[in-house]
Amino acid sequence: MLVAAVSCVAACYPRPVDPVGVPRAPAAFVREPYLQMVSDSAASVLWMSPPGSTDSAWYRVPEVDSSWTPATLRSHGKGTRRTDLGPLPAATTVEYRVSADGDRLGPYAFRTAPPTGAASDVRVLLFGDSGWGGPEQIELARLMRREEWDLSIHVGDIAYDHGSESELTERHFRVYAPLFASTPFYPAVGNHDVRADGGRPYDAAFLWPAPFPGVRYYEFRWGRIQFVSVDTSSGTDDVSQLRQGRGRQMDWLEEVLKGAAADASVDWIIVFQHHPLYSHAIGISGHELDADLRERLLPLYERYGVDLVAAGHDHHYERTWPIRAGHRVEDGCGPVHVLTGGGGASRYARDITETPLVATAQRVYEYVELDVTADRIRGRTLDRDGQVVDEFTVRRYAGTEAGLPGKCAE
C-alpha cells in the first residue's frame, strides 16, 4: 500500500506548466520592463532583450518637466538591461518608456515612495508560491491588475520548479508583465527560486539593497513602514547560521529590528520570509515547521515589536491571532502571522488542523491586500473569483524591549 501511494505521488502530482492565454512579450523583448528598488529619490527599471539588441530608455516627471530625459543603460546579468532613474522627487508620478531594436513599450507610470518618516497611507500587494503557470495563477494575476498598488511583496517560490531563466520568464515575468511595469516588486527568496545554477537566474532577475555583497536579505523604508526581507532558503552560511541563532544575517537582522524599534519615525515593522513560523497545514504540501527558525526568530520578532510576519512555503492561506510567547494575546500585544502560499502553486494532498492560535486557515488560491494607515493595518484576502475570504486588522505592537502596556500583561 505504501509503495502504491508513493508511486501515485510520483505519477499523479501536478507539474508546473507554461501559461496559456497570457500574451507574450513583443518580439524584441524577452521580458517586458519591470520596476525594482523604488525609493523616495530613485528607481530602477529592468527588462530582457535578445543578444545584440539596440536598447534605449527615457523618463520624465510630468509635474516638473514634460520633456523626456534619455536614461543611461547598463547590463544586469545575462541579457538583462538596467536603467537607474534619478534623482526623483518623493511621492511623485514618474513616467518611463523603453525601446529594443525599434520596438517601443510605454509610457508606464509609477509613484515614488513618500519621504522617509512621512505619514502616508500605503497600499501593499502581498502573495507567494505563485509561479506555477496554471489557470489559478493567471486568474489571480488578472484580479491583481484591477487594483492600484504602491508596492508588491512576494514571500518566495516565484518560479517552479527550479527558478531557471526560462521558468522565471514564462511563469513570472510573462504572467505579471502589466502589473510590474507600474508596481515595484520586492521578493523574499524561496527554496524553489535558487535550485537552478545556484540561484544565478534569480540574482540576475532582481535588485535589492543588500547589506553585504551577494546576499539575498535586505531591508527598506517606505514612509513610516520598515520592511525586512529575511533569507531562509539559500544554501549559504548566513542561512545555516541563522538557524543556529548566530552569524552575519542574524546579527544584521537584530540590528535592523532594534534600530526600527527605537526609531520614532517608524510606525510599522513588517517582516517577510519564505518559511513560516506558524503553519497548520498537513500533507505533501504541508511541510514540517522548521524548529530552528522558529526557536531563533520568534523571540527576536516579539522583542523588537514586529507587527506583521508574512510567509509562504505551505500552499494555503492562514492568519494567526496576535501571538506572544506561544499564546494568543490581545490586539497590539504580539505579532500577527500571515501565511499566503496560495498564489497559484498546486494544492495537492493537503489538509489543515486547528489550534487556539489560528484565526482562519483555508485551502484556497488567494492574495492579500494590505492598507497601511497611521493607526492600523487593514487586510483583505481575495480568492480567484475575487471573493473576500478573510478580513483583519493589525494594531501596533511595541515589543517587549519597549515595555508592554497594561492590557498586554500575562
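None of the figures in this text is laboratory data; all of them are computed from the coordinates on show. None of the values given here were measured: they were computed from a predicted structure. Quick reminder, even Gly has a Cβ in these numbers, built from the backbone with ideal geometry, and neighbours come from all protein chains shown.
Just the Kirkwood number for the range 1-140, please: inverse of mean 1/r across all distinct Cα pairs, in Å, one decimal. Working shown, then result.
Working: mean 1/r = 0.0555 Å⁻¹.
For the range 1-140, the Kirkwood estimate is 18.0 Å.
Straightening the chain between residue 212 and residue 376 buys 55.8 nm, computed as 0.36 nm per residue apart minus the Cα-Cα spacing.
Normalised radius of gyration (Cα atoms, divided by 2.2 N^0.38 Å) for the range 31-111: 1.04. Between 72, 116, 360, the GNM of the chain built on Cα springs shorter than 10 angstrom shows 72 fluctuating the most. Helix-only arithmetic for the chain: the sum of -39500 (n - 2.57) across DSSP H runs with n ≥ 4, divided by the residue total, places the mean residue ellipticity at 222 nm at -4500 deg cm²/dmol. Taken over the range 66-194, the alpha-carbon convex hull comes to 141 cubic angstrom per residue.
Would you mind working out the magnitude of the charge dipole of the chain relative to its Cα centre, with +1 at each Lys and Arg C-beta and -1 at each Asp and Glu C-beta, to the nearest 20 Debye? Don't skip to the answer; put the middle values down first.
Values: 42 positive and 56 negative charges, 86 e Å.
So the dipole magnitude of the chain works out to roughly 420 debye.
Within the shell of other residues whose beta carbon sits under 12 angstrom from the beta carbon of residue 83, the net charge comes to +2, with Lys and Arg scored +1 and Asp and Glu -1. By the Stokes-Einstein formula, at 1.002 mPa s and 20 °C, the range 327-405 with its Kirkwood radius over alpha-carbon pairs has D equal to 148 µm²/s.
At q = 0.10, 0.11, 0.13, 0.16 Å⁻¹ the log10 of I(q)/I(0) for the range 276-410 amounts to -0.32, -0.39, -0.54, -0.81, computed by Debye summation with a single uniform scatterer per C-alpha, solvent ignored. With neighbour counts taken as other beta-carbon atoms within 10 Å, the residues 351, 231, 267 rank, fewest first, as 351, 267, 231.
Site pair residue 387 and residue 90 shows an inter-label distance of 4.3 nm when each label is modelled 7 Å from Cα along Cα→Cβ.
Counting other Cβ atoms within 10 Å as a rough exposure proxy, the listed residues 20, 336, 364 run 20, 364, 336 from fewest neighbours to most.
Backbone phi angles across the range 385-400, fed through the Karplus curve with coefficients 6.51, -1.76 and 1.60 (θ = phi - 60°), yield HN-Hα couplings of 9, x, 8, 6, 10, 7, 9, 7, 10, 10, 9, 4, 10, 7, x, 5 Hz in residue order; Gly and Pro are listed as x. Dipole orientation for the chain: of the candidates 360, 232, 194, 194 has the Cα lying most toward the positive pole (charges on Cβ; Lys, Arg +1; Asp, Glu -1).
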